[in-house]
Every structure is written in structure tokens, then in C-alpha cells.
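I have placed the structure first, in the form of C-alpha cells, so that the comments after it can refer back to it.
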């Protein structure tokens, strides 16, 4: 993960953003601008009485569409943020309510002692952070460099063999999405190959 192209670096770990997500705003502006210019240039030849006003109307409609799209994306981002706030709340309650841990013992690797619980919770927090940045990136809400920073942070945590073991187990037990599972598996596999079983 040291090339000069962050997009390729992050893509190597299976984290991708679609071209439509990456460039949809730019494409919208280019198409609307092209249509407006064509109306201005050729509108009079095709019977448009007011090509300047038509071009202005096209620009206004484009601005409305652009504004609607931004509002819609803001709603998606707020929903994602709310989801992770709720996950954090549940995790905090599990920390406070020891009795509640008994309901989901599979999360703590079969042990309810404080060391096992805190170790597992720390790994879950790091997995949540990784998944959060992956999802924000895939939706186009963060830049590639920011997503790569989140991936690198997770990767440094995985230098610990114990952390890697817990992460590999917990990513499959904790309801994480397929992309997050794949990223964790690749990070851990790469580190096992390069650093051995430390």
C-alpha cells in the first residue's frame, strides 16, 4: 500500500467506488452545459423564439436537480451516521450492563471476563471504524486518501497477531458486510505472509 495512486491502493483491498458515484456531479454539469450551449447556438434555427431564456431555464433546472441530488446524498449520509451512532450506543450499554452480555455470549469468544470482553469490544470498535470509512467511501462521501488513511489505521492494528485473530473471527460473527469481511481477510492474510505469526 505504498504506490503513488491511492485509488489503486484502496482498490487492491476490494474497496471500490463506482464510476457513476465518482463522477455523477461532473457529468450532470457537463451535459446540462452542453445542452444549454447547443440551445443558444442552434435554438433560433429550430424555431425556438427565445433560445437565451430556454438556456437559462435548462441551467435553472440543472441547478434544481443538482440541489436535489445533494439533499438526497445528505440524507443517505445522515442515515449512515445514525446507524453507527446506534451501534455505538448498544456497545456502550453492553459495557455498562454486564448482565446483557449473557444474551450474546458468542460475541465474547465464550468468555465473559472483563479482559476478554474489553479485548473483543476494542476489536469491534476498530471493525466498526473500518466499515464506516469503507461505506462512506463507497457512497462517495469521503475522498480516496481519507479512506486509505482509515484502511492504514486498521492495518497497523493488525500487526498484533492477537488482534488479527480476533478481527478475523469477529468480522464474521458481528454482522459486518461482505466488503468489510473481504478487506479484513486480505489485510490479515497479507500481514501473515509478510510478518509471519507474530
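The values are calculated or read from the model by the stated rules, or taken from the named source; none is laboratory data. Everything numeric here is computed off the predicted structure, so don't read it as measured data. Don't worry about glycine lacking a Cβ; one is built from the backbone with ideal geometry, like all the others, and counts go over all protein chains shown.
Quick check on this structure: which one of 118, 138 is out of contact with any helix residue (DSSP H, G or I) (no Cβ under 7 Å at 6 or more places or on another chain) and touching a residue at least 24 places away in the same chain (Cβ under 8 Å)?
Step by step, each of 118, 138 is checked, and only 138 is out of contact with any helix residue (DSSP H, G or I) (no Cβ under 7 Å at 6 or more places or on another chain) and touching a residue at least 24 places away in the same chain (Cβ under 8 Å).
Take segment 48-81 and flag every residue that is exposed (fewer than 13 other Cβ atoms within 10 Å of the Cβ) and not in a helix (DSSP H, G or I).
49, 50
Looking only at segment 96-115, which residues are without any contact (Cβ under 8 Å) to a residue 60 or more places away in the chain, in a helix (DSSP H, G or I) and exposed (fewer than 13 other Cβ atoms within 10 Å of the Cβ)?
Answer for segment 96-115, where residues must be without any contact (Cβ under 8 Å) to a residue 60 or more places away in the chain, in a helix (DSSP H, G or I) and exposed (fewer than 13 other Cβ atoms within 10 Å of the Cβ): 96, 98, 99, 100, 105, 114, 115.
State all residues of segment 146-163 that are under 17 Å from residue 121 (Cβ atoms), over 15 Å from the mean Cα position of the chain (by Cα), in a helix (DSSP H, G or I) and without any contact (Cβ under 8 Å) to a residue 40 or more places away in the chain; if no residue qualifies, say none.
Result: 157, single match.
So, residue 140, is that one surrounded by 15 or more Cβ atoms within 10 Å (Cβ to Cβ), out of contact with any strand residue (DSSP E or B) (no Cβ under 8 Å at 6 or more places or on another chain) and at positive phi or not?
yes
Can you tell me which residue within segment 171-185, out of those that are modelled with pLDDT of 90 or more and assigned to a loop (DSSP other than H, G, I, E, B), is nearest to residue 87 (Cα to Cα)? Break it down stepwise before answering.
Kept after step one, since they are modelled with pLDDT of 90 or more, are these residues of segment 171-185: 171-172, 176-185.
In the following step, the residues that additionally are assigned to a loop (DSSP other than H, G, I, E, B) were identified as 176-177.
Values: 176: 12, 177: 14 Å.
My answer is 176.
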